[in-house]
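Here's the structure we're looking at; comments come further down.
Read the figures in this text as sums done on the coordinates, not as results from a lab. Keep in mind it's a predicted model, so treat the numbers as computed, not measured. Methodologically, a virtual Cβ is constructed for each residue, glycine included, from the backbone with ideal geometry; neighbour enumeration extends over all protein chains shown.
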Amino acid sequence: MKKVLLVCAFVLGISAVSFAQGGGRMRMTPQAQTDTLKAHVSGVTADQSTKLLAVYTAVAKSRDSLRQAAGDDRQAMMAGFMKMQTTTDAKVKAVLTADQAKEYQTWADKRMAQMRARMNGN
């Protein structure tokens, strides 16, 4: 009985450590990114959705390549991600109408503010 309890405690401890290291965090798929954008920007057509999916798929491949190339250099990786985000925003806005692009920018600004607040511990 003590051995079973000890094994359970060990497994629980290992799983807690793995989640503390960020192991439980998942990245959004290109389809999920497209669906999220459609939920926050009104009037996205099926044609626009297809084009947005292509943009997000290309970005995901570039992001994975950048992550591998940067290795353990987190600063270089983040700098690359910031440049990539600017390019991605431009490509997304090119697919959207002018009104949709304004909605997208408002939503993107709100997300950025939330991210900065999390990074500052607020």
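A few remarks follow.
- Per-residue ³J(HN,Hα) for the stretch 64-77, Karplus 6.51 cos²θ - 1.76 cosθ + 1.60, θ = phi - 60°, Hz, x for Gly and Pro: 5, 5, 5, 4, 5, 5, 6, x, 8, 7, 5, 5, 5, 5
- Cα-based equivalent ellipsoid of the stretch 28-119: semi-axis lengths in Å, sorted from largest, via gyration tensor: 24, 16, 11
- Gln75-Thr50 FRET efficiency (beta carbon distance; Förster radius 25 Å; 0.05 resolution): 0.10
- Counting 0.36 nm for each residue step from Thr57 to Lys102 and taking away their Cα separation leaves a gain of 13.9 nm.
- For the listed peptides 109-120, 38-49, a ranking on the average number of other beta carbons within 10 Å per residue, highest first, reads 38-49, 109-120.
- 19 Å Cα-Cα reach of Lys93 towards aspartates and glutamates, excluding residues that sit fewer than 8 places from it in its own chain: Asp35, Asp47, Glu103, Asp109
- Distance between modelled label sites at Arg67 and Arg27, nm, 7 Å Cα→Cβ extension: 0.3 nm
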